[in-house]
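A.B. asks: Encoded as structure tokens, here's the structure I'll be asking about.
The values are calculated or read from the model by the stated rules, or taken from the named source; none is laboratory data. Just so you know, these numbers come straight off a predicted model, no measurement behind them. A quick note on method: Cβ atoms are made from the backbone with ideal geometry, for glycine too, and the neighbour counts reach across all protein chains shown.
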Amino acid sequence: MTHQIIPIVNQSQVEAGDGLGCHAGAQTMIAAAKAANKSEVLHQYALDYPKGPHDQPQSMCPAFGSLRVGLRMRRTSTILSGSACCVYGLTFTSHFYGARRSVGYVPFNSESLVTGKLFEDIREAVHQEANPEKYDAIVIINLCVPTASGVPLQLLPKEINGVRIIGIDVPGFGVPTHAEAKDVLAGAMLKYARSEASAGPVTAPRQGVSDKPTITLLGEMFPVDPVGIGMLLEPMGLAAGPVVPTREWRELYQALDCAAVAAIHPFYTASIREFEAAGRQVIGSAPIGYEGTAAWLAQIGAACNVNSDLIAAAQNKFLPMIRSALAAKPIKGRVTLSGYEGSELLVARLLIESGAQVHYVGTACPKTIWSQPDREWLESKGVHVQYRASLEQDLAAVAEFKPDLAIGTTPVVQKAKQLGIPALYFTNLISARPLMGAAGAGSLAQVINGAIANQERFSTMRDFFEGVGSGYASGVWDEIPQDRPDFKADVKRRLDKAQKKRKAEEIG
Ligand code: SF4
């Protein structure tokens, strides 16, 4: 297969299409935030979450990542500080994903924002909420406007009545994706927990301290996967530790108290900084498919000084099972894949080992050293790997490779279906399955083969809707409407002229 080049759409073209969206005016927001004493945090985000070639992947509000991590933790209260429309959208989405927990909100208006009263309101809210009977921690998240206005969450008390207070800025103009926003909160919590653990004794894990050295697993995954990883580690005398982001505060200590960290999702830069500060080695990639599992077991074993016989024992026990599972459930077809979860490269590896032809993998996440083994493996198979992929690049890949199946984000799926190509939504249909070890091998075959087999239905649907028109001519008409580009250009010219005149009058 030849190496294909997917066109890179430059930032100005992308912004032109998104000019009225909530990401518009990012430069203005950044300048405002810097002027309001947020330079340091924005600088750290720029280092942790590098952008480019496409600066802002088109995904949901990044703050959703932090909100979700907070809402999934026991005895944790999560409060948002931001514009009401943002908070409405975020609470709606969190309940759509089954939060079953109230989201706190400190409202503001222009006056309370500029006079600093908002910060006083936040402080009061945090004091009212800090009930040690109910909570271990309170998370307060500054959205775009309070961050740009410099609301100083770092000045909140670190702890009230024994309840930890974690204040974080998660603006859309500083944190590119909701995946990385999970890291912002997980990293802040690990930092806090590390300082507690270095100061003295901390709470033991709920199920007691493991008698084996543990591997902390970084990145949200399907619940069966940590169990499967634990089974893979067992012959090496190791056990699976907690998954970060954790579901409880005390698990943070347990996560730090590990033999090594497996960066299953490779974008947790702030969390990895905390693990490295605690002296823990971090291993990239994951036990995915045959080759991925073989390499991962070897690396984990080496990081934990496991005897080579025991590493071989683990490989010999599981690799034949994985090979048979892959062979028993082959996938046949050409696939393009894109998403914003951070596991896109791993899924592509599994698809290829199952027999699929994968030409393109787009991820909204940045390139890091922890995904390097996966990127190199995929590129050696001729796959185009696109970090910080834009929607335009994902769509260009579908147009170029004409896959039998497009796995992607909602707009990619929508476009593919419009073209009569079977498509699957990555987050709901691919992420919600085991991927690791023997349980992961072959787990995708049913859903992928089922979707590819649906080609006829998609062709029927496309034929059914054929001829209803598109753009200005969409709909059912007695006479097909005529496009009037001259008229549109004339209206645009008049509007531009009127706007210039208004501006001149304002200046005058
Ligand atoms: S917080 Fe920022 S990125 Fe999120 S919805 Fe509001 S304006 Fe958009």
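A.B. asks: Evaluate the following for VAL175: is it within 15 Å of the ligand (Cβ to nearest atom), of a type outside the set (S, T, N, Q), closer than 26 Å to ASP48 by Cβ and surrounded by fewer than 21 Cβ atoms within 10 Å (Cβ to Cβ)?
C.D. replies: no
A.B. asks: Among the residues of region 72-109, write down those that are of a type in the set (A, V, I, L, M, F, W, C), touching a helix residue (DSSP H, G or I) at 6+ places or on another chain (Cβ under 9 Å) and within 16 Å of the ligand (Cβ to nearest atom).
C.D. replies: The answer is ILE79, LEU80, CYS86, LEU90, VAL103, VAL106, PHE108.
A.B. asks: Please go through region 58-109 and give me each residue that is among the β-branched types (Val, Ile, Thr) and either outside any helix (DSSP H, G or I) or free of Cβ contacts under 8 Å to residues at least 12 places away in the same chain (or both), ordered by number.
C.D. replies: THR76, THR78, ILE79, VAL103, VAL106
A.B. asks: Now a separate question. Being surrounded by fewer than 23 Cβ atoms within 10 Å (Cβ to Cβ) and assigned to a loop (DSSP other than H, G, I, E, B) is the filter; apply it to region 432-456 and report the residue that is modelled with the highest pLDDT.
C.D. replies: PRO434
A.B. asks: Just checking, does region 116-139 include any residue being within 16 Å of the ligand (Cβ to nearest atom) and in contact (Cβ under 8 Å) with a residue 60 or more places away in the chain?
C.D. replies: yes
A.B. asks: Of all the residues that make up region 241-295, how many are among the polar types (S, T, N, Q) and either modelled with pLDDT under 95 or closer than 22 Å to GLY65 by Cα (or both)?
C.D. replies: 4
A.B. asks: Mind checking whether some residue in region 198-205 is in contact with a Pro (Cβ under 9 Å, 6 or more places away or on another chain) and under 30 Å from GLY289 (Cβ atoms)?
C.D. replies: no
A.B. asks: Run VAL103 past the list (1) closer than 30 Å to THR410 by Cβ; (2) buried (at least 22 other Cβ atoms within 10 Å of the Cβ) and report the number of the one that doesn't hold.
C.D. replies: In the conditions (1) closer than 30 Å to THR410 by Cβ; (2) buried (at least 22 other Cβ atoms within 10 Å of the Cβ), VAL103 misses (2) alone.
A.B. asks: I'd like to know if region 184-202 contains one or more residues that are within 16 Å of ARG68 (Cβ to Cβ) and without any contact (Cβ under 8 Å) to a residue 40 or more places away in the chain.
C.D. replies: Among the residues of region 184-202, not one is within 16 Å of ARG68 (Cβ to Cβ) and without any contact (Cβ under 8 Å) to a residue 40 or more places away in the chain, which makes the answer no.
A.B. asks: Quickly run through region 309-359 and pick out the residues that are in a helix (DSSP H, G or I), in the same structural domain as ARG375 (by TED's automatic domain parsing) and acidic (Asp, Glu).
C.D. replies: GLU344, GLU353
A.B. asks: Next up: State whether the residues of region 430-440 include one that is more than 30 Å from GLY230 (Cβ to Cβ) and not assigned by TED's automatic domain parsing to the domain that holds LYS317.
C.D. replies: no
Every residue, every condition in (1) of a type in the set (Ser, Thr, Tyr); (2) touching a helix residue (DSSP H, G or I) at 6+ places or on another chain (Cβ under 9 Å), yes or no:
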{"residue": "SER338", "(1), (2)": "yes, yes"}
{"residue": "ILE369", "(1), (2)": "no, no"}
{"residue": "THR409", "(1), (2)": "yes, yes"}
{"residue": "LEU419", "(1), (2)": "no, yes"}
{"residue": "ARG433", "(1), (2)": "no, yes"}
{"residue": "ALA453", "(1), (2)": "no, no"}
